[in-house]
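Trainee: I have a structure here, written as structure tokens, and I will follow up with some questions on it.
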Amino acid sequence: MSSLSDIVPPGVVTGDDLLKLMEHALANGYAIPAVNCTSSSTANSVLEAARKANSPIIIQVSNGGGAFICGKGLKAADSSAIGSVALAMHVRSVAKYYGVPVVLHSDHCAKKLLPWFDGMLKADEEFFAKYGEPLFSSHMLDLSEEPDEENIAICCEYFKRMAPMKIWLEMEIGITGGEEDGVNNESVDPEKLYTSPEQVYAVYDALSKIGDMFSVAAAFGNVHGVYKPGNVVLSPERLGKHQAYTKKMINSPLDKPIYLVMHGGSGSTDEEIATAVKYGVVKMNIDTDTQWAYWDGLRKFESEKHDYLQGQIGNPKGPDAPNKKFYDPRVWLRKAEESMVARVMVSCEKLGSTGMYKAVEDLADAAPQIGDPKASVNPVVLVAAGAIVGSAFTLLTKVMTK
């Protein structure tokens, strides 16, 4: 196995580096945890977990998460895009210092949320024009509620816009059940929870004509949220059929020609996850479990320090004893972070990404990734060159007129 550390740099990865990361995951049989973040605190928790686990990581933001980051008190029409861009800029400011590869991704975008997608893509284009790379590494379009033909057609149109910037596209065909971030599929026809090989190939056939940086979230009974064992029937072995069918159709030498994604992973058994990864899943979404972990850290802290959190002054040590060191947000938020860090590390272990990237220890050269301008000629040089050319032309004219 080639070392991922030798082929992919630490920090936010885009373009060719992102493709190398996904190729390495597919070839070496592991998947990368993709964790939904709603604040700098949750994003930092994910980065810390990745560093401790020596693992690449994906930080993703949803439409609702973006609006929350922007501020729920702001009633701007594009608050989701504003907040998503803000999170991306935060991650770009600190990611390099954690010493592992970080993918910046946006989560489910249904048809009704396309203005949010457009806002992020505009930010990508502006960032690309200045710095030669997009702001985000990848985006997801979830048009699985639409007819397949429309789903694929819209994905193709956006992919044509994304491909020149080498932005990865994740799309979904077949529906993930349950409810997440305002998209409710709890009453969907159960048959739609299972994607067919023909559907997956139709996606591959259309998108591969535009570029190779794309992945497919194919449904195999997945449900958002967490449920009692037995209430959700997953069939990850279906993913192997998708790979075999596409391999046959394109006469590929690869056993796994498609990059696959697993949604609704919270509460899945270790065996189900391992089977999904075996058949080409390179990314698994994690949200419900990490939400609980973040809250659980705070819950335990409040339970343990309850008597110190009932007022600014007064606790078991005395009526005049101050409680600031207990209610300071940095204290209880850190407990939430520590709990989330531990849960993300569990996901890294289950997906096989632990130890895949030795975190860079020497951070002397680390810097925020908020944009290095494209190489261009210094304006002073241009002025000097203009003066020289002008002088030469004047001299030449004098000689010719003599």
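The values are calculated or read from the model by the stated rules, or taken from the named source; none is laboratory data. Just so it is clear, the model here is predicted, and its values are computed rather than measured. No Cβ is skipped: glycine too gets one built from the backbone with ideal geometry, and neighbour counts run over all protein chains shown. Ligands, DNA and RNA are stripped out before the accessible areas are found, and what is left, the full protein with its side chains, is counted by its heavy atoms. Shrake-Rupley method; radii C 1.70, N 1.55, O 1.52, S 1.80 Å.
Trainee: Could you provide, to the nearest whole Å², the per residue accessible area of the chain with probe 1.4 Å?
Mentor: Result: 47 Å² per residue.
Trainee: Now for a different question. Residue separation times 0.36 nm, minus the C-alpha to C-alpha distance between CYS156 and ILE370: what's the value?
Mentor: Answer, rounded to one decimal: 74.1 nm.
Trainee: Let me ask something additional. Where both residues lie in the chain, what percent of DSSP beta bridges are antiparallel, nearest 5?
Mentor: Of all bridge pairs located within the chain, approximately 15 percent are antiparallel.
Trainee: Provide the FRET efficiency to the nearest 0.05 for the ILE7-ALA77 pair, computing r from the beta carbons and using R0 = 30 Å.
Mentor: Working from the Cβ atoms, E equals 0.10.
Trainee: What's the long-distance tail for the range 266-340, i.e. % of Cα pairs beyond 15 Å?
Mentor: 65 percent
Trainee: Report, in order of residue number, the helices in the chain meeting two criteria: a C-alpha extent of 30 Å or more along the helix axis, and a mean Kyte-Doolittle hydropathy of at least -1.0; treat each whole DSSP H run as one helix.
Mentor: 329-351, 379-401
Trainee: Next up: List the pairs from LYS166/LYS247; LYS52/LYS317; LYS112/LYS335; LYS75/LYS111; LYS75/LYS300 whose alpha-carbon separation is above 27 Å, in the order I gave them.
Mentor: LYS52/LYS317; LYS112/LYS335; LYS75/LYS300
Trainee: Here is a follow-up. Calculate the length of the line joining the C-alpha centroid of the range 121-164 to that of the range 3-58, in whole Å.
Mentor: Comparing the Cα centres of the range 121-164 and the range 3-58, I get a distance of 20 Å.
Trainee: Two decimals, Cα atoms only, Kirkwood Rh: what is Rg/Rh over the range 3-56?
Mentor: We get a ratio of 0.98 for the range 3-56.
Trainee: Also, quick follow-up: Only Lys, Arg, Asp and Glu count, each charged at its Cβ (+1, +1, -1, -1), so figure out the dipole size of the chain about its Cα centre, rounded to 20 debye.
Mentor: 1300 debye
Trainee: For the chain, with the dipole built from +1 on Lys and Arg beta-carbon atoms and -1 on Asp and Glu ones, taken about the Cα centre, which of PRO368, TYR201, VAL331 lies farthest toward the positive end?
Mentor: It is PRO368, whose Cα lies furthest towards the positive end.
Trainee: How many times 2.2 N^0.38 Å is the alpha carbon radius of gyration of the chain?
Mentor: Against the empirical 2.2 N^0.38 Å value, I get 1.15 for the chain.
Trainee: Could you pull out every one of the aspartates and glutamates with an alpha carbon less than 14 Å from that of LYS241, ignoring same-chain neighbours closer than 8 positions?
Mentor: In chain and number order, the partners are GLU198, ASP255.
Trainee: Please report Rg over Rh for the range 112-159, where both radii come from the alpha carbon positions and Rh follows the Kirkwood definition.
Mentor: Ratio value, two decimals: 1.05.
Trainee: Multiplying the sequence separation of ASP205 and LYS278 by 0.36 nm and subtracting their Cα-Cα distance, what value in nm do you get?
Mentor: Roughly 24.0 nm would be gained on extension.
Trainee: Also, quick follow-up: Around SER106, which amide H atoms from residues at least 5 apart in sequence, or from another chain, sit under 5 Å from its own amide H, with H modelled in the peptide plane?
Mentor: VAL61, SER138, HIS139, MET140
Trainee: Could you give the dipole magnitude of the range 1-141 about its Cα centre, charging the beta-carbon of Lys and Arg +1 and that of Asp and Glu -1, in debye to the nearest 20?
Mentor: So the magnitude is around 460 debye.
Trainee: State whether the range 24-80 is rounded, prolate or oblate according to the following rule on the C-alpha gyration tensor (a ≥ b ≥ c being the square roots of its eigenvalues): a/c under 1.5 gives rounded; otherwise a/b larger than b/c gives prolate, and the remaining case gives oblate.
Mentor: oblate
Trainee: Could you check the spin-label model distance between SER235 and ASP307? Points 7 Å from the Cα along Cα→Cβ, value in nm.
Mentor: Computed distance between label sites SER235 and ASP307 equals 5.8 nm.
Trainee: I would also like to ask the following. Expressed as a whole percentage, what fraction of the accessible surface of the range 19-81 belongs to carbon and sulfur atoms when a 1.4 Å probe is rolled over the protein heavy atoms?
Mentor: Roughly 53 percent, rounded to a whole number.
Trainee: Over the chain, calculate the relative contact order: mean separation of alpha carbon pairs under 8 Å at least 6 apart, over the residue count, as a percent.
Mentor: Normalised by residue count, the contact order of the chain is 21 percent.
Trainee: Ok, one more. How much accessible surface does LYS335 have with a 1.4 Å probe, in Å² rounded to 10?
Mentor: The accessible area of LYS335 comes to roughly 80 Å².
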